[in-house]
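Okay, so here's the structure we're looking at.
Derivation of every value follows stated rules applied to the coordinates shown; laboratory data play no part. In this text the structure is predicted, and so the values were computed from the model without any measurement. Note that we place each Cβ from the backbone using ideal geometry, even for glycine, and neighbour counts take in every protein chain shown.
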Amino acid sequence: MIRFIVRRLLQLIPTLFGLSILLFIWLRRLPGGPETAILGERGTPELRAQIRKNLGLDEPLLIQYGRFMKRMLQLDLGTSISTKREVMTEFLERFPGTVELTITAMIIAIGVGIPLGYLAARRRGSFLDSASVGGSLIGICVPVFFLAYVLKAIFSENLHLFPSSGRQDPTLGATRITNFFVLDGLMTREWDAALDALWHLVLPGIALASIPLAIIVRITRASVLEVLSEDYVRTAQSKGLTERTIRGRHILRNAMLPIVTVIGLLTGGLLSGAVLTETVFAFSGIGAFLYEAIANRDYPVLMGFIMIIAVFYVLVNLLVDVSYSLIDPRVRVR
Amino acid sequence: MPLLDVKDLSVTFARRGQRTVRAVDGVSFSVEAGEVVGLVGESGCGKSVTSLALMGLLPKQRGVTVGGSAMFGDTDLLKTDERTMRDIRGRDVAMIFQDPLSSLNPVVPIGVQVTEVLARHRGLTGAKATAEAADLLNRVGIPDPTRRLKEYPHQLSGGMRQRALIAMAVACAPKLLIADEPTTALDVTIQAQILELLRDLVRDSGTALVMITHDLGVVAGMCDTVNVLYAGRVVESARRKPLFAEPRHPYTTGLLGSVPRLDSGKGAAARDPRFGAGRPAVAGRVRVRPALRPPCRRLCR
Ligand SMILES: Nc1ncnc2c1ncn2[C@@H]1O[C@H](COP(=O)(O)OP(=O)(O)OP(=O)(O)O)[C@@H](O)[C@H]1O
Ligand code: SF4
Ligand SMILES: [Mg+2]
């Protein structure tokens, strides 16, 4: 198992290497460049050239890439062109918000999706079943930002149940350690701060959870239905086992395999997909920053972000594979 | 009073847009304590549906209707509520299924699958349960039981898997064991061993056994009483000896005639090609069959 994990982590190196080359070339070939963003349409050709030279963009691609690689090896992502700050610093400040939001959304999606999918399968053809199948179809179709607006309008602007924007009430003056606000609150025992941060996560979390929730309900239902027709479930019943044992040990344990795979894929997707939700709730995660970085052709920021997402994807997938082999003895990792 | 008295059992499956299937149509038979009763019949004649109905394991959905009664002591297995059935299943009535691989949970160690029955019905947990499980595996002839307890179904051979399933079924010394074609999915050489094991287990413990099979060789080898099923009905019910010596119903005759020649000891009568043509003429007796029709009174001698 340990060897498997180490090998997978080593495989990460060539993957990242290849990805960085592709990205590097692709980004540089996008029309426009940082100089346009800085000068707008007014800049004279001389000024533009000057800026490109300052940023080192006039040199051959290979040399630029070499410089980038050298910095990467020292875990230095460079300096943002637009904010002039270290890309790493920017990320450490903004990523935690997005990660917190992603985790919240995933907890909601898993916590609601698996039980709902299970019940729908057990009561196939019932009202609950049709409702969750139909509901999940709606969940997939409704755009996330639209749902976000609706949630905000109803639950915060009309009913005032939840805050409408931000990650935390700034007047609390909470201490920052990791920039994961909930975690910080727990670590410093500032319970009110932790609770407030959690409260700010609810609505954007629900909005972001909608699509993964719908997918998890469907996959769980399908998977449980398949397991229900297996002989070993009948064997378990013939032993007179309690409903709880049959559900947990015999049905869900087998049904989990495809569900875990899907959860892995969804989590990776969520992290990069949180942007719109963050915008609606003025949630200061990576979203808005990334959006500007694209508009400004802020190469170091974009490269850094995508590399981090790639690492994240690989780690989540590793986690999926490890849990797979923990669930199913037939899937042996070597 | 018999241990199990099945009267007029019928099961129908109705599906929207499809013809209603009468899978079991008025089946009656009884099982005495400690007796081995065979349910014989070709594929699709309702043997599995009968056993599932007795266990209360038919799909609980609209369209599935079960009629008749199955008295097991004072309880009617067909009408008891699910909670009582859960107590009865595995403790008083246990079942062994046809395909040992698919009948075992692939992601749970054998040991857990054995001890969960012990925990449920005998309140055994921890080291006690493990010791008892190892003892059970030993009794069903699985060598090195402590190691096997930790293994998963895919690590066992086909014969061993069926032995493990048998161990789970006899874990609580049930009064009645239903075996639904327990050897069909197994290699021929292993079939005999498994049958022998089953026969010895029920003989030693006094458990009654309902042996479901389409193999008359199996019936000849171990059953005290035989019920021949055809299209959801019992067409003939007899003690083993008279059935083989003197089948009454033409379907039974056909079944006897269709037994392949290569089987063991007691099936000798079944092998006799004369059964295909008719009963041997015994001096001083006349043929019974012509007297039977019509209407055909072939059930139960
Ligand atoms: N869930 C179900 N829905 C509809 N029909 C069913 C269902 N289960 C069984 N049947 C029908 O009931 C009949 C009897 O099936 P059963 O499984 O009892 O046969 P069997 O005697 O056990 O055959 P085999 O020797 O092949 O196991 C078949 O015609 C089958 O199609
Ligand atoms: S009378 Fe009916 S059951 Fe008897 S042999 Fe003839 S057809 Fe078969
Ligand atoms: Mg069958």
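Give a quick list of trypsin sites (Lys or Arg not before Pro) in the range A:25-102 that DSSP marks as loop, anything other than H, G, I, E or B, with at most 15 other Cβ atoms within 10 Å.
Values: sites: A:Arg28, A:Arg29, A:Arg42, A:Arg48, A:Arg52, A:Lys53, A:Arg67, A:Lys70, A:Arg71, A:Lys84, A:Arg85, A:Arg94; in loops: A:Arg42, A:Lys84, A:Arg85.
Passing sites in the range A:25-102 are A:Arg42, A:Lys84, A:Arg85.
Note the angle between two axes, namely the Cα long axis of helix B:188-205 and the longest principal axis of the Cα atoms of chain B, as a number of degrees from 0 to 90, rounded to the nearest 10.
Helix B:188-205 and the main axis of chain B meet at about 80 degrees.
Please label the shape of the range B:16-108 as rounded, prolate or oblate, based on the square roots a ≥ b ≥ c of the eigenvalues of the alpha-carbon gyration tensor (a/c under 1.5 means rounded; beyond that, a/b larger than b/c means prolate, else oblate). Write down the numbers at each step before the final one.
Working: a/c = 1.24, a/b = 1.08, b/c = 1.15.
Note, shape of the range B:16-108 comes out rounded.
I'd like to know which of B:Val107, A:Gly78, B:Ala245 lies farthest towards the positive end of the charge dipole of the protein assembly as shown, counting +1 on Cβ of Lys and Arg and -1 on Cβ of Asp and Glu.
The residue sitting farthest along the positive end of the dipole is B:Ala245.
For the range A:195-239, what does the alpha-carbon gyration tensor say about shape, rounded, prolate or oblate, given a ≥ b ≥ c as the root eigenvalues, a/c under 1.5 as rounded, and a/b over b/c as prolate?
Numbers: a/c = 9.17, a/b = 2.71, b/c = 3.38.
Oblate.
Of the residues B:Glu236, B:Glu82, B:Glu35, which exhibits the maximal mean-square fluctuation in a Gaussian network model of chain B defined by a 10 Å Cα contact cut-off?
Judging by the Gaussian network model, the answer is B:Glu82.
For the range A:1-58, which GluC sites (Glu not before Pro) pass both filters: DSSP loop (anything but H, G, I, E, B) and at most 14 other C-beta atoms within 10 Å? Could you put the intermediate results ahead of the total?
Working: sites: A:Glu35, A:Glu41, A:Glu46; in loops: A:Glu41.
Filter output for the range A:1-58: A:Glu41.
With a ≥ b ≥ c the root eigenvalues of the C-alpha gyration tensor of the range A:2-73, is it rounded (a/c under 1.5), prolate (a/b larger than b/c) or oblate? All intermediate terms of the calculation are to be shown ahead of the outcome.
Numbers: a/c = 3.95, a/b = 2.98, b/c = 1.33.
The shape class here is prolate.
Calculated from DSSP H runs of 4 or more alone, at -39500 (n - 2.57) each and per residue, what is the 222 nm mean residue ellipticity of chain A, nearest 500? Walk me through the numbers on the way to the answer.
On the way: 14 runs with 234 residues, N = 334.
Helix contribution divided over all residues of chain A: -23500 deg cm²/dmol.
Among A:Leu62, A:Pro14, A:Thr44, whose Cα projects farthest towards the positive end of the dipole of the range A:2-73, with charges put on the beta-carbon of Lys, Arg (+1) and Asp, Glu (-1)?
A:Pro14
State, as an integer percentage, the relative contact order of chain A based on alpha-carbon contacts under 8 Å between residues 6 or more apart. Intermediate values should be presented prior to the final figure.
Values: 371 pairs, mean separation 88.8, N = 334.
Reported as a whole number, the value is 27 percent.
Sticking with the crude label model, points 7 Å out along Cα→Cβ, report the distance from A:Arg28 to B:Glu42 in nm, one decimal please.
According to this spin-label approximation, the distance is 7.8 nm.
Are there trypsin sites (Lys or Arg not before Pro) in the range A:140-211 that DSSP marks as loop and that have at most 16 other Cβ atoms within 10 Å, and which are they? Present the calculation step by step, with values, prior to reporting the outcome.
Working: sites: A:Lys152, A:Arg167, A:Arg176, A:Arg189; in loops: A:Arg167, A:Arg176, A:Arg189.
When the trypsin sites (Lys or Arg not before Pro) of the range A:140-211 are filtered for loop state and at most 16 Cβ neighbours within 10 Å, A:Arg176, A:Arg189 remain.
Name the residue, out of A:Leu137, A:Leu265, A:Leu55, whose mean-square fluctuation peaks in a Gaussian network model built on chain A with Cα pairs under 10 Å.
A:Leu55
Please list 3J(HN,Hα) in residue order for the range B:217-223, calculated via the Karplus relation 6.51 cos²θ - 1.76 cosθ + 1.60 where θ = phi - 60°; whole Hz, with x for glycine and proline.
With coefficients 6.51, -1.76 and 1.60, one gets x, 5, 4, 4, x, 9, 8 Hz.
What is the dipole size for the range A:1-98, taken about its Cα centre, with +1 at each Lys and Arg Cβ and -1 at each Asp and Glu Cβ, in debye to the nearest 20? Before the final figure, lay out the partial values.
Values: 15 positive and 9 negative charges, 80 e Å.
Rounded to the nearest 20 debye, it is 380 debye.
Quick one: dipole size for the protein assembly as shown, taken about the Cα centre, charges +1 on Lys/Arg Cβ and -1 on Asp/Glu Cβ, in debye to the nearest 20.
On the way: 76 positive and 56 negative charges, 491 e Å.
The calculation lands at about 2360 debye.
Show which aspartates and glutamates lie in cross-link reach of B:Lys7 when reach means a straight Cα distance below 17 angstrom and same-chain residues fewer than eight apart are skipped.
In chain and number order, the partners are B:Asp25, B:Glu32, B:Asp74, B:Asp76, B:Glu236.
Given the options A:Phe95, A:Ala209, A:Val275, identify the residue whose Cα lies farthest towards the positive end of the charge dipole of the protein assembly as shown (+1 on Cβ of Lys, Arg; -1 on Cβ of Asp, Glu).
Ranked along the dipole, the leading option is A:Ala209.
Run the dipole for the range A:87-327 about the Cα centre, Lys and Arg Cβ at +1, Asp and Glu Cβ at -1, nothing else charged, and hand back the magnitude in debye, nearest 20. List each step's numbers first, then the result.
Details: 17 positive and 18 negative charges, 219 e Å.
Computed about the Cα centre, the dipole is about 1060 debye.
Can you compute the modelled spin-label distance between A:Leu265 and A:Glu46, with each label point 7 Å from Cα toward Cβ, in nm?
The modelled label-to-label distance comes out at 5.7 nm.
Where is the GNM fluctuation largest for chain B (alpha-carbon springs, 10 angstrom cutoff): B:Gln155, B:Gln113, B:Gln18?
Greatest mean-square fluctuation among the candidates belongs to B:Gln18.
What is the helix-to-structure angle for A:61-73, meaning the angle in degrees between its Cα long axis and the longest Cα principal axis of chain A, kept from 0 to 90 and rounded to the nearest 10?
For helix A:61-73, the angle is close to 60 degrees.
Against the longest principal axis of chain A, how steep is helix A:299-327, in degrees 0 to 90 to the nearest 10, with axes from Cα atoms?
That helix lies at roughly 20 degrees to the long axis.
Provide the percentage of antiparallel DSSP beta bridges, counting only those with both residues in the protein assembly as shown; round to the nearest 5.
Numbers: 25 of 44 bridges.
Rounded to the nearest five, the antiparallel share is 55 percent.
From the phi angles alone, apply the Karplus equation (6.51, -1.76, 1.60; θ = phi - 60°) to the range A:198-212 and give each ³J(HN,Hα) in whole Hz, x where the residue is Gly or Pro.
4, 4, 5, 7, 4, 5, x, x, 5, 4, 5, 6, 4, 5, x
So how far apart, in nm, are the two label points at B:Arg199 and B:Thr65 if each is 7 Å from Cα heading toward Cβ?
4.3
Using the Karplus equation 6.51 cos²θ - 1.76 cosθ + 1.60 (θ = phi - 60°), what ³J(HN,Hα) coupling, rounded to whole Hz, does each residue of the range A:246-262 give in order, writing x for Gly and Pro?
Going residue by residue, I get 4, 5, x, 7, 9, 8, 5, 4, 6, 6, 5, 3, x, 5, 4, 4, 5 Hz, with x marking Gly and Pro.
Amide H of B:Leu3 versus every other amide H placed in the peptide plane: which residues, excluding those fewer than 5 positions away on the same chain, fall under 5 Å?
Amide H to amide H, under 5 Å and 5 or more residues apart or across chains, B:Leu3 pairs with B:Val31, B:Glu32, B:Ala33.
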